[in-house]
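Worksheet for the structure shown next.
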Ligand SMILES: Nc1ncnc2c1ncn2[C@@H]1O[C@H](COP(=O)(O)OP(=O)(O)OP(=O)(O)O)[C@@H](O)[C@H]1O
Ligand SMILES: [Mg+2]
């Protein structure tokens, strides 16, 4: 109980008649990097909006670090940092000035602004107006802003969208670093590799419902497709399911007869697993 | 309320405006207009007079800007001395606007087309049945005979005086010494002809029986100098506009822009509380508008800056417009909606005020802040504050309080999103 940073209990969020989040139960542990996955419109951003207190839940309750999000909003505000899905900077200010303004609100020394800019490798663009930033630079500036006050909880809505491979690496490193220092990180993403690489646990949501919750490794073990692709000596391609006795027998016979030209077991495919879990798997 | 947070928020607003050249340009333009208003003071404008002439000269649309007095010297021994008399007696406030122009006898009978704002009076003498005649034609702008009033006031009196002088001289030349021509009743009186007409009636009736017609007494006075004076009216408009611009236009549009772009959310998620975010805007925009308004008023008439009435008026207007601006800002979701809101508000209030004043609908206008505000500011800018203006100020204060309460209530209900 005490090692949970975020408690989401029977959360329901409705936009008018439309239910965006449907009876979601979730616990996110302290010091964990948690990934929220799901197709477009699944309710990931909505869940995060509830966590930051921007949207009131229609039903259920949400608490962060022991404080109820709705009732004790003012108390938890300084505890978290948030990277929104849509960038929101003062376009007419420089990157520096943007961060300085928020540093003043958080009561953080100016020095920290420089540090955060360096962390996301924007120190050279610090004196350029945000108007002149590329999409990736804007994203990185959002992360720098969220890091200003060293928050204990970080919510990131698609933090690596529009980032090049190197910048994405930088973000990953920063997030792992934060987690190793005890912070809790919740991120949403559409990048399966990212999830496999950095997340401790993933929750997969679809149409507002949680359809899977586990570590990437456990998901892998559970959902790896145990199939073998075979090219026969005749050039014909066949696939054998290792969970079926008949298939195993047939494959063994072929191998014994020396009728196989090549033989390959399938790799775990997070993407396929994801599609299967969200009920959209192709046959 | 934490000071460092308020300071950061207010400085942020200031920097945003410093980065926005359009707003600065408009502010400078307003100040430039005030400077021009105080530097250029053409004759006939301003001053403390309240005569009919000035009232006419302040009508920006319609009216008569120039009046030609056309005459011909041919066939007449009366017109040359009469014109000489008229020329001498044009009053100073009409001097720029009256042109005496000689024409030949044929031209003067033709119809002439005049530009808008131009009128003419023609003097033409001829003889008929052995008697000399003097014909005077007044051509006024179509449908606006009253616009000739200042010119006719001068013309009829001075023609009467001039004709009498000419007649006396002629009689003198004929050696008639005891001709006692009656002078006009009072020379500086616009109503001399009216008085004379009543007096003539009484005189004629008295010849039959005394006391049948009463002696008519007429007095006509200005109402304590309450005519609208154009320059201070423009200054008032500039002051009101500065406040309107800052509080009803800038505040909602910039606020909604922040909301639309998500920066308002970013601020709300920081330790700054909604009350602090609101307070920073409450501090910044009225101060911005008030400072601009005070600069404009100070340029126009530095003395107002030391009067309590001006500052209480300014403060009230700023508070009222702030309430209206915050109301629009909480109701509008987008920047465009805020802009439309500000414009619609302005238009509908003007419409209501115009309809009420043209149709004589009572009371309703009293509910508009914009009804009292110009009266209060104009009174202080033209230096003629009466007790009625204090009542307007009180009404404005009540309306400002109403708008502030409405804005606060709406903000509480709808929140910072
Ligand atoms: N303000 C809103 N008003 C009405 N419906 C909304 C609103 N915001 C989101 N929705 C709906 O709620 C559902 C969930 O939206 P949400 O933004 O949470 O999806 P998401 O999982 O973040 O998707 P994506 O991967 O595309 O970012 C969507 O179907 C969306 O149409
Ligand atoms: Mg989203």
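Could you work out the mean count of beta carbons from other protein chains within 10 Å of each residue's beta carbon in A:51-62?
Taking the mean over all residues of the peptide, I get 1.
From Cα pairs below 8 angstrom and at least 6 apart in sequence, can you work out the relative contact order of chain A, rounded to a whole percent?
20 percent
Please compute the contact order of the stretch A:126-267 in relative form: average sequence separation of alpha-carbon pairs under 8 Å and at least six residues apart, divided by the residue count, as a percent.
15 percent
Report, in degrees rounded to the nearest 10, the 0 to 90 angle that the Cα long axis of helix A:165-180 makes with the longest principal axis of chain A.
Tilt relative to chain A: about 70 degrees.
Looking at the square roots a ≥ b ≥ c of the eigenvalues of the Cα gyration tensor of the stretch B:66-221, which shape do they give, rounded for a/c under 1.5, prolate if a/b is larger than b/c, or oblate?
Here the stretch B:66-221 falls in the oblate category.
On a 0 to 90° scale, report how tilted helix B:79-89 is relative to the longest principal axis of chain B, with both axes built from alpha carbons and the result rounded to the nearest 10.
Approximately 40 degrees, to the nearest 10.
Compute the helix-to-body angle for B:3-18: its Cα long axis versus the longest principal axis of chain B, expressed 0 to 90° and rounded to tens.
50 degrees
What share of the DSSP beta bridges in the protein assembly as shown is antiparallel, in percent to the nearest 5?
60 percent
Taking square-rooted eigenvalues a ≥ b ≥ c of the alpha carbon gyration tensor, is chain B rounded, prolate or oblate, where a/c under 1.5 means rounded and, failing that, a/b exceeding b/c means prolate?
prolate
Quick one: of the DSSP bridges fully inside chain A, what percent are antiparallel, nearest 5?
65 percent
Using helices alone, what [θ] at 222 nm do you get for chain A, with -39,500 (n - 2.57) per DSSP H run of 4 or more residues, divided over all residues and rounded to the nearest 500?
Roughly -10000 deg cm²/dmol at 222 nm, from the helical runs in chain A.
I need the P(r) histogram for the protein assembly as shown: all alpha carbon pairs, bin width 10 Å from 0 out to the longest distance, whole percents.
2, 11, 15, 14, 12, 10, 9, 7, 6, 5, 4, 2, 1, 1, 0, 0, 0
Using the per-residue mean of other Cβ atoms lying within 10 Å as a proxy for protection, in what order, highest first, do the peptides A:246-252, B:357-363 fall?
Listed from highest to lowest mean packing, they are A:246-252, B:357-363.
If you count, for every residue in B:266-278, the Cβ atoms of partner chains within 10 Å of its Cβ, what is the mean?
5
Taking chain A as a Gaussian network, where each spring joins two C-alpha atoms under 10 Å apart, which residue of A:111, A:147, A:122 fluctuates the most?
Residue with maximal mean-square fluctuation among A:111, A:147, A:122: A:111.
Which value at 222 nm does chain B reach when only helices count, each DSSP H run of 4 or more adding -39,500 (n - 2.57), with the total divided by all residues and rounded to the nearest 500 deg cm²/dmol?
It comes out at -19500 deg cm²/dmol, rounded to the nearest 500.
Just need the relative contact order of chain B here, percent rounded to a whole number, with Cα pairs under 8 Å and 6+ apart.
Worked out over chain B, it gives 17 percent.
Counting partner chain Cβ atoms within 10 Å of every residue's Cβ in A:100-111, what's the average?
5
Going by how many other Cβ atoms sit within 10 Å of their own, how do A:7, B:15, A:271 line up, fewest first?
A:271, B:15, A:7
Could you list B:70, A:199 in order of exposure, starting from the residue whose Cβ has the fewest other Cβ atoms within 10 Å?
Ranked by crowding around the Cβ, least crowded first: B:70, A:199.
Mind running the shape call on the stretch A:225-267? Use the C-alpha gyration tensor, a ≥ b ≥ c as the square roots of the eigenvalues: rounded below 1.5 for a/c, prolate if a/b tops b/c, oblate otherwise.
Note, shape of the stretch A:225-267 comes out oblate.
Arrange the following residues from fewest to most other Cβ atoms within 10 Å of their Cβ: A:15, B:345.
Listing A:15, B:345 from fewest to most nearby Cβ atoms yields A:15, B:345.
Where a number appears in this text, it was derived from the coordinates with a stated rule and is not lab data. In this text the structure is predicted, and so the values were computed from the model without any measurement. Counting neighbours? That spans all protein chains shown, and the Cβs are built from the backbone with ideal geometry, glycine included.
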